[in-house]
Amino acid sequence: MDKDTLRTALSCKCPHCAQGDLYKSRYTLQLHKNCPSCGYDFAGSDSADGPAVFLIFILGFTIVPAALFVELTFEPPFWVHMILWTPLVIALTVAFLRPVKSYVLALHHKYISEGR
Ligand SMILES: [Zn+2]
């Protein structure tokens, strides 16, 4: 994992020039058709369900052990788990879906698009 690819992905910038915004706005997952800065065509960049699957694995492997730890250590009532974990999972999903999608697209650009 090189730092430039990761930095570009976390800032949600174009994987080709690292300047133009990848998404149409801050609150959407819709990509521009072309990079606003360099004109790079994003049409061939389709991450499909990859980012969501990565997030399911990452959050699942971190939240489930945390929930089990809380359950086994403190034995709280069920509603505490609902209040604690549901908003946390939703917030983390919303916070990380754009950067993870950007990272998948950056890796796609790095290993597939540049290799043609
Ligand atoms: Zn660009």
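One table, with the values for the structure above:
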{"read-out": "In sequence order, calculated HN-Hα J values of segment 38-49 (Karplus, 6.51, -1.76, 1.60; Hz; x Gly/Pro)", "value": "10, x, 4, 7, 8, 4, x, 9, 10, 8, 6, 8"}
{"read-out": "Highest average packing first - 72-80, 87-95, Cβ atoms within 10 Å", "value": "87-95, 72-80"}
{"read-out": "Listed residue (ASN34, SER11, ILE63) projecting farthest to the positive dipole end of the chain, Cβ model", "value": "ASN34"}
{"read-out": "Sites matching trypsin sites (Lys or Arg not before Pro) across segment 1-83 that sit in DSSP coil, with at most 16 neighbouring C-beta atoms within 10 Å", "value": "LYS24, ARG26, LYS33"}
{"read-out": "Check: the chain dipole with +1 on Lys, Arg Cβ and -1 on Asp, Glu Cβ, in debye", "value": "420"}
{"read-out": "Tensor-based shape of segment 3-113 (alpha-carbon gyration tensor, a/c under 1.5 rounded, otherwise prolate or oblate)", "value": "prolate"}
{"read-out": "Isolated Cys residues of the chain, judged by Cβ distance under 4.7 Å to other cysteines", "value": "CYS12"}
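Where a number appears in this text, it was derived from the coordinates with a stated rule and is not lab data. Just so we're clear, the structure is a prediction, and the values are computed from it rather than from any experiment. When we count neighbours, we look across all protein chains shown, and the Cβ atoms used for this are built from the backbone with ideal geometry, even at glycine.
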